[in-house]
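Values in this text are rule-based calculations from the coordinates and carry no lab data. Keep in mind that this is a model prediction, so the values were computed, not measured. Cβ atoms come from the backbone with ideal geometry, glycine included; neighbour counts cover every protein chain shown.
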Amino acid sequence: MGSVLQDLQDFIKLRDNFRNFINSSEVPSICKTEPCMIGVDEAGRGPVLGPMVYGVAYCPLSQANVLQNLGCADSKALTEIKRDEIFSNMLTEDNAFKNVGWIADIISPNYISNSMYKRAKHSLNEVSMNSAISLIKKAAEDGANIAEVYVDTVGPPEKYQAKLSEIFPNYKITVAKKADSIYPIVSAASIVAKVTRDHALKVWQFLEGLEMDHTEFGSGYPGDPLTKKFIREQIDNVFGYPLLVRFSWSTAETMLLEKAAICTFEDIDESPKKINMKSISSFFAPKSEDGIKTRKRHKFFEERYLSFDNAFE
Amino acid sequence: MSIQVENNLKKTDNKEIFQQKAHYMPCKIESDGPIDVKKYFDPYVVKNKETDELSGTFRGHPLDGKEMNLPEGYTAIVVTEAKKPLAEDADRRFQVAGGFKDLTYWNWDKKPSRNDSLIKAMDWIDIAEAIHGD
């Protein structure tokens, strides 16, 4: 393995894998003066295991040929080895690192679960969009002279495009499906994201102490037999899963419902409140079943969930 | 029905047994028995150094927590029942298994505050003292 990839793995290993973190290049000085294009893409949106990674790559509009020379094309058509190679070249070849800058946002599986299981649920789309926006902002704040933005999307592009145009009124924004295979700058972003995600899985260390690695838990895609086996077998009755798993994925949810202790959190009713109308007879019947007038518990105790029940039942 | 609590740990040298760590969780867990908190829960508890507030995670849910002392003069004990009698009104015997002096309580995605029911429940201790004390 080349030293670039070794460095990447070492960098990832030093971070807490239950929190998000950023990895980035320096801003090439030419990108601070020349108008630049920036591409945005993601890797690992679907898997039930591991982080989702958002990546951006940027370079001067005038240096588009650098991307072609690197071989940035539809990253889905590239093998893992080829992606690793392009990423290494991007960081080491003179012509590349002097023109192309990049940032990766590693979004931990725990962050994804926690967002989707907030009281006010945060969808994966919101998490994704926030990451994309923060990366474009970061590139600009770090000094890149952004002029054009290209974003890959799986959903309908129109809404996304409108939102980005509102946030970045001075940039020319293009949101497209399969942008990855159309715009080399998006392919470059995609390679940054994919390579980062692949290596994050390779160096995943279980804080739970499981001695296991990616050759045993697989790619993380719910269809992968190794991943399926992991989801089926690595269950703790109370805690559910180690935090490599996205709890909020239906694959994991269904399995826990079936195989682990049921845990019930406070029910949050998101539908508008119904007005509870008391029947008129209720005002004339302040008696319990056996005809004895019951004394209502004082509000003080009710609010504090205090009662005089037998605790040992 | 009477309830008897036997304390066979009175003379124990193991002081830690009455200083165990307790977590008050914001969900109903339909399970009873030993669990590995150190392995699955503790590694993810992070303390905010400025506010002393804790964050954690359970079953993918974000938790906000706070360490809390039991009221002055109180201690908590954990009891087990070797065998639960079949008849409903039979006498019950429990054995002291340990205890704790402080606990960590957790809210689901809500900062700990004076309004949390567990904090407010402790008001009763002062009020009971005022009503029933000498």
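Data overview
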{"read-out": "Proximal aspartates and glutamates to residue B:101, defined as alpha-carbon separation beneath 20 angstrom and excluding residues fewer than eight positions away on the same chain", "value": "B:6, B:13, B:16, B:42, B:52, B:53, B:67, B:72, B:116, B:123, B:126, B:129"}
{"read-out": "Proximal aspartates and glutamates to residue A:32, defined as alpha-carbon separation beneath 19 angstrom and excluding residues fewer than eight positions away on the same chain", "value": "A:94, A:141, A:142, A:148"}
{"read-out": "Sites residue B:81 and residue B:42 - FRET efficiency at Förster radius 35 Å, r taken between beta-carbons, to 0.05", "value": "0.80"}
{"read-out": "Which listed pairs, of A:259/B:110; A:202/B:28; A:118/A:194, have C-alpha distances above 31 Å, in listed order", "value": "A:202/B:28"}
{"read-out": "For segment A:51-63, 3J(HN,Hα) per residue [Karplus equation, 6.51 cos²θ - 1.76 cosθ + 1.60, θ = phi - 60°, Hz, x = Gly/Pro]", "value": "x, 9, 10, 9, x, 10, 9, 9, 7, x, 3, 6, 10"}
{"read-out": "Rounded FRET efficiency, nearest 0.05, which uses the C-beta distance separating residue A:257 from residue A:213 and R0 of 30 Å", "value": "0.60"}
{"read-out": "Relative contact order (%) - criterion: Cα under 8 Å, at least six apart; region: chain A", "value": "24 percent"}
{"read-out": "Rh by Kirkwood over Cα pairs, then Stokes-Einstein D for segment A:78-146 at 0.692 mPa s and 37 °C, µm²/s", "value": "225 µm²/s"}
{"read-out": "Relative contact order (percent, whole number), segment A:12-71, Cα cutoff 8 Å, 6+ residue spacing", "value": "29 percent"}
{"read-out": "For segment B:23-134: rounded, prolate or oblate by the Cα gyration tensor [a/c cutoff 1.5]", "value": "oblate"}
{"read-out": "Overall Cα dimensions of segment A:88-205, principal axis frame, Å, largest first", "value": "49, 41, 28"}
{"read-out": "23 Å Cα-Cα reach of residue A:163 towards lysines, excluding residues that sit fewer than 8 places from it in its own chain", "value": "A:121, A:137, A:138, A:172, A:177, A:178"}
{"read-out": "Sparse-neighbourhood loop sites, chymotrypsin sites (Phe, Trp or Tyr not before Pro) in segment B:1-76 - DSSP loop, at most 16 other Cβ within 10 angstrom", "value": "B:74"}
{"read-out": "Helical mean residue ellipticity (222 nm; -39500 (n - 2.57) per DSSP H run of 4+; nearest 500) of the protein assembly as shown", "value": "-9000 deg cm²/dmol"}
{"read-out": "Spread of Cα-to-Cα distances over 10 Å intervals beginning at zero, given as percent, for segment A:176-269", "value": "14, 36, 27, 18, 5"}
{"read-out": "Kirkwood estimate for segment A:1-142, i.e. one over the average of 1/r between Cα atoms, Å", "value": "16.2 Å"}
{"read-out": "Cβ-Cβ FRET estimate between residue B:129 and residue B:67, R0 fixed at 25 Å, reported to 0.05", "value": "0.60"}
{"read-out": "Overall Cα dimensions of the protein assembly as shown, principal axis frame, Å, largest first", "value": "86, 60, 43"}
{"read-out": "Segment B:1-34: trypsin sites (Lys or Arg not before Pro) falling in loop per DSSP and having at most 14 other Cβ within 10 Å", "value": "B:10, B:11, B:21"}
{"read-out": "Cα centroid separation - segment B:82-116 against segment A:115-173, whole Å", "value": "47 Å"}
{"read-out": "Contact order relative to length of segment A:175-240, as percent, for alpha carbon pairs under 8 angstrom and 6 or more apart", "value": "13 percent"}
{"read-out": "Normalised convex hull volume, segment A:50-96, alpha-carbon set, Å³ per residue", "value": "96 Å³"}
{"read-out": "DSSP-assigned coil residues among trypsin sites (Lys or Arg not before Pro) in segment A:160-261, each with at most 10 further Cβ atoms within 10 Å", "value": "none"}
